[in-house]
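Following: one structure in structure tokens, then a few remarks.
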Amino acid sequence: MEEVSRIFDEVHRQGRNFLLEPEAKAICIEYGIPVTAFRLAKTEEEALKFADDIGYPVVLKIVSPDILHKSDVGGVIINLKNHEEVKDAHRKILSNVKKHKADAEIVGILVQEMAPKSTEVIIGATKDSQFGPALMFGLGGVFVEILEDVTFRIAPITEQDAREMITEVKAYPLLKGYRGQPPADIDTIISILLNTSKLVMDHQEIKELDLNPIMVYEKGAKTVDARIILE
Ligand code: ADP
Ligand code: MG
């Protein structure tokens with residue numbers, strides 16, 4: 001957990017109130033929350049090398065303390081299949097960001113493993129001034145955004161709470177498998193909920209946490225984007 005303290009200290013030192021994606025994902029890893037493999041590239045050459053190391057296809061994303069919602073500024077390009085596409089995407093992201101915010105500080109470009117499409121779930125946490133941290137669970141996309149099919153529990157949660165959260169959303173049958181779709185790995189979702197609960201209990205300075213989306217497979221899961229905002 002030394003790594004976690006080091007990251008929070010660095011964020012405070014820089015006077016930021018949110019973590020960059022590689023910082024948030026590094027904390028997830030420390031808490032046993034699975035994330036897509038990633039490397040932070042400082043140059044185009046590094047991006048190419050890291051893409052080779054990670055394996056194609058890859059995703060490139062902007063990492064900047066001035067950009068919280070990366071895709072809003074054209075800062076995320078997915079499904080890159082070779083050197084040529086990585087080079088183009090690297091240039092495109094930097095030019096998109098420049099157009100949107102000319103003076104944005106660029107920390108680097110995050111090269112990451114492309115998570116295959118699957119059932120998407122969202123796990124979140126928000127801190128209530130009265131009750132402390134609360135956890136949220138729902139399925140990704142329309143289920144959360146339009147149907148508001150989500151469930152909440154005050155942290156810390158037990159394994160039984162986590163299981164109930166998953167089974168009580170209306171979209172739960174989708175996780176059990178449908179029309180030839182294999183069932184999703186419920187035990188992994190439970191473990192991510194429990195580990196997220198521990199993370200927000202251990203670090204009360206977290207105001208908001210968003211694992212959105214998490215791709216859940218028949219076996220295992222991968223968090224594609226992680227956001228942590230501090231008080
Ligand atoms: P934002 O800051 O805009 O939320 P995200 O990192 O969530 O940026 O990327 C936007 C979208 O791109 C994600 O919701 C997901 O659909 C897709 N995406 C991002 N990273 C990956 C990845 N590693 N594998 C697969 N899809 C991804
Ligand atoms: Mg996102």
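For the reader, a short list of remarks on this structure follows.
- FRET efficiency for residue 178 and residue 152, using Cβ-Cβ distance with R0 set to 25 Å, rounded to 0.05: 0.50
- Approximate shape of segment 42-86 as ellipsoid semi-axes (Cα gyration tensor, √5λ), whole Å, largest first: 20, 12, 8
- Within the chain, no whole DSSP H helix has Cα atoms reaching 20 Å or more along its own axis together with a mean Kyte-Doolittle score of at least 1.6.
- Each Cα pair under 8 Å and six or more residues apart adds its sequence gap; the mean of these over the residue count of segment 37-114 is a relative contact order of 50 percent.
- Pairwise FRET efficiency - residue 17 versus residue 37, Cβ, R0 = 25 Å, nearest 0.05: 0.35
- Share of pairwise Cα separations in segment 37-114, more than 15 Å, in percent: 46 percent
- Spatially proximal aspartates and glutamates relative to residue 219 (Cα-Cα < 15 Å; intrachain offsets below 8 disregarded): 120, 185, 187
- Alpha-carbon centroid distance for the pair segment 181-231 / segment 96-161, whole angstrom: 8 Å
- The label-point distance for residue 167 and residue 207, in a model that sets each label 7 Å from Cα toward Cβ, rounds to 3.7 nm.
- Cross-linked pairs 42/92; 42/99; 61/81; 42/101; 99/127: Cα-Cα separations exceed 23 Å for 99/127.
- The chain, relative contact order [Cα under 8 Å, separation at least 6], %: 22 percent
- Between residue 95 and residue 9, the modelled label-to-label distance comes to 4.2 nm, taking each label 7 Å out from Cα in the direction of the beta carbon.
- Annotation: per residue accessible area for segment 37-114 equals 51 Å², rounded to a whole number [probe 1.4 Å, protein chains only].
- Per-atom-type breakdown for the chain gives carbon and sulfur 52% of the accessible area (1.4 Å probe, protein chains only).
The values are calculated or read from the model by the stated rules, or taken from the named source; none is laboratory data. Please read all numbers here as calculations on a predicted model, not as lab measurements. Ideal geometry is used to build each Cβ from the backbone, glycine not excepted, and the neighbour counts take in all protein chains shown. Keep in mind that these areas ignore ligands, DNA and RNA; they rest on the heavy atoms of the full protein, side chains included. Shrake-Rupley method; radii C 1.70, N 1.55, O 1.52, S 1.80 Å.
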